[in-house]
Structures are given as structure tokens and as C-alpha cells.
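The next block holds one structure in the form of C-alpha cells; read it before the comments.
What follows is calculated from the coordinates using simple rules that are stated; it is not laboratory data. Everything numeric here is computed off the predicted structure, so don't read it as measured data. Quick reminder, even Gly has a Cβ in these numbers, built from the backbone with ideal geometry, and neighbours come from all protein chains shown.
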Protein chains: 2
Amino acid sequence: MSENTKPKFASRGSKEAIETGTSFQPKFDAGGLIPAIVTDASTGEVLMFAWMDQDALALTIETRAAYFWSRSRKALWKKGQESGNVFNVVEMLIDCDQDVVLLRVDVEGNGLACHTGQRSCFYRSVPLGAAASPALRLTPFGEKTKAR
Amino acid sequence: MSENTKPKFASRGSKEAIETGTSFQPKFDAGGLIPAIVTDASTGEVLMFAWMDQDALALTIETRAAYFWSRSRKALWKKGQESGNVFNVVEMLIDCDQDVVLLRVDVEGNGLACHTGQRSCFYRSVPLGAAASPALRLTPFGEKTKAR
């Protein structure tokens, strides 16, 4: 995306600087990516999880619209470019280790964040209190809500 | 951790089965890990982000207490084992691609989820609307709250 060879972000400092300092020193993994958690700025609901490369993170900061790196397509993408469900970033947070970002967003368009047409990507629950086995069955949100 | 050689989880099916089915088919990455987002079950606040291997995921499901895989220590760990801040899992959700889990938890002990002594690991915000540069400065939550 960018031909700019100047560093976009500060390099990693000491553990103390990373955890308690105010210098933004995001860590990208061996593949050059940092995980991004996306929540609804109004409700706090977790909507999506995706990955960012340096360009995606820089563009998100600069434009306040969320960009990600698609690992399957190996390409930068702007969320909502096709669907219209652009993520307007209200606040971006970084975690203690500075290796995960959290985006609090307002979703444009029809407000559906998941490509399957659900509001959130997390629309099925995993059973708890049972032994792990290949027979475990998920419960779709609608059914669970009815059962409550 | 486990000498059990029986598969703990179903193998991956078709895209349709993964996205719309009810068979739990979690995807572990090349390193054998799946990302886990942790939120406060009462407030919805994102508390932490960590990784699980198959054993951590299986133990979390079976015991309803959150286990993770430490990539730095290369070891399974039970959250709160030392601090007392055990995560009691109220609900576990899986995303559309079944490659990320979301844990809604009640935090035992003093309720502080982050090892730095903060309630949440996400206690600093990243400035928005500026060009990315090594000079970007984070704003600690306390200061931001005061400024609002």
C-alpha cells in the first residue's frame, strides 16, 4: 500500500515503557500483524475480531475508519467498502503488552458487522461443563434466547 | 498436559458447516493456538486477550474456569492461580469462522484482570485523526476521564 519507508510506529522499548509508558509501541507478530478486537461503541458488544498490518493500523488511526489485513486474500481492506457497513472508530485502545488493539466503533449502513449477515460474528455459544469431544454442539443465539 | 490421544474437538468441515452449523469445529493456528477475547459478563467490558491451546480450551469448557497457553512461558496456565483472580466463565461464544473464542466471565478475588493491577488490560487510548508516526502518545484512562 505505502511506499513510505519511514517507520510508522516507535520501536519496542523496555517492558516498563511498554506497560506503563505513553509511547505507542505496537507489536506486530512474525507475520507482521497485530490482532484487533472490535466492539460496538454504544453497547460494548464484541462485534468482530480481525488482523491489522502496519498500513491498516496507520490508516485506521489517520482516517478513523477501520482497515484490516485479510490473511486469506493477502490484502489490505477497508471494512464496509463493499457492504457499506464502515466502522467509524470512536476510540482505539491498546493493551498492557501493546500487542492487541481494541476498536470501539459505530457501524454505518445496516449495522451488521458480520459477513454472514449477523450483527456480531459471535452468534453461537459453546456448551460448558461437559467433557471436550468432537460431539460438542453449538447453540445459536436465537435458540438460546428463547430457552432462557 | 494431556496424554489423551483421542481428538478433543471435531475436525474442520465445509465453510457452510463452520459458519452456519452447530458442530463445534474450533480452528487452531499453525502454532496450535486459538485467540480468546475475555469480557466482563456483567458490564461487557473487554478485560483481556490471550491464547488457548487444545488443552486450555478443553479444560475451560470442562471446568468453567479459564485456562490459557502462555506463549512466553510455553506453558498451560489457569488464570488467577496465583493472583486469586480466577475467571469463572458464564458463557463461551465462537465466531463465524470458528477461529476465535469469546469468554464472558465473572472475575474472582479483587476483580483486577490485568497483571499490571488494572481492571482491564486496555487502559490506554491511541490518538486518532493524526498521521501515524513514532511520536504518537497514548492517553492513560484516568487522564482521559478527567479531561472529558
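Worth pointing out:
- Debye-sum result for chain A in log10 I(q)/I(0), which assumes one identical scatterer on each alpha carbon, at q = 0.19 Å⁻¹: -1.16
- For peptide A:87-93, the mean count of partner chain Cβ atoms within 10 Å of a residue's Cβ comes to 4.
- Sorted peptide list for B:131-137, B:65-71, criterion being average Cβ within 10 angstrom, highest first: B:65-71, B:131-137
- Ascending distances from the B:Lys78 label point to its copies in the other chains, with the point 7 Å along the Cα-to-beta-carbon line: 5.0 nm.
- Couplings for region B:64-70, taken from phi via the Karplus curve 6.51 cos²θ - 1.76 cosθ + 1.60 with θ = phi - 60°, read 6, 10, 7, 10, 9, 10, 7 Hz in order; Gly and Pro are left as x.
- Close amide H contacts of B:Leu47 (hydrogens built in the peptide plane, cut-off under 5 Å, sequence separation of 5 or more or a different chain): B:Val38, B:Thr39, B:Asp40.
- GluC sites (Glu not before Pro), loop per DSSP, at most 11 other Cβ atoms within 10 Å - longest free stretch of chain B: B:4-81
- Here A:Ala130 yields copy-to-copy label distances, from shortest upward, of 5.1 nm, the label point defined as 7 Å from Cα along Cα to C-beta.
- Pairs beyond 24 Å (Cα-Cα), from A:Lys15/B:Lys79; A:Lys8/A:Lys79; A:Lys6/A:Lys79; B:Lys8/B:Lys79; A:Lys6/B:Lys74; A:Lys15/A:Lys74: A:Lys6/A:Lys79; A:Lys6/B:Lys74; A:Lys15/A:Lys74
- Partner chain coverage, peptide A:116-125 - average Cβ within 10 angstrom: 6
- Closest approach to the A/B rotation axis among chain A Cβ atoms, residue and whole-Å value: A:Gly44, 2
- Under the criterion of Cα pairs below 8 Å and six or more residues apart, the relative contact order for region A:66-148 equals 16 percent.
- Length gained on full extension, B:Thr20 to B:Arg71, computed as 0.36 nm times the residue gap minus the Cα-Cα distance: 15.2 nm.
- Under the Karplus curve 6.51 cos²θ - 1.76 cosθ + 1.60, θ = phi - 60°, whole-Hz ³J(HN,Hα) for region B:74-89, x wherever Gly or Pro sits: 6, 8, 6, 9, 9, 4, x, 4, 9, 7, x, 8, 5, 9, 8, 7
- Looking at region B:9-66, the chymotrypsin sites (Phe, Trp or Tyr not before Pro) that sit in a DSSP loop and have at most 16 other Cβ atoms within 10 Å of their own Cβ are B:Phe28.
- Rough spin-label spacing in nm, given labels placed 7 Å along Cα→Cβ, for A:Glu62 and A:Glu91: 2.6 nm
- Helix-only mean residue ellipticity at 222 nm for chain A, each DSSP H run of n ≥ 4 adding -39500 (n - 2.57), per residue, nearest 500: -4000 deg cm²/dmol
- The protein assembly as shown pair-distance distribution - Cα-Cα, 10 Å bins, rounded %: 6, 28, 36, 24, 6, 0
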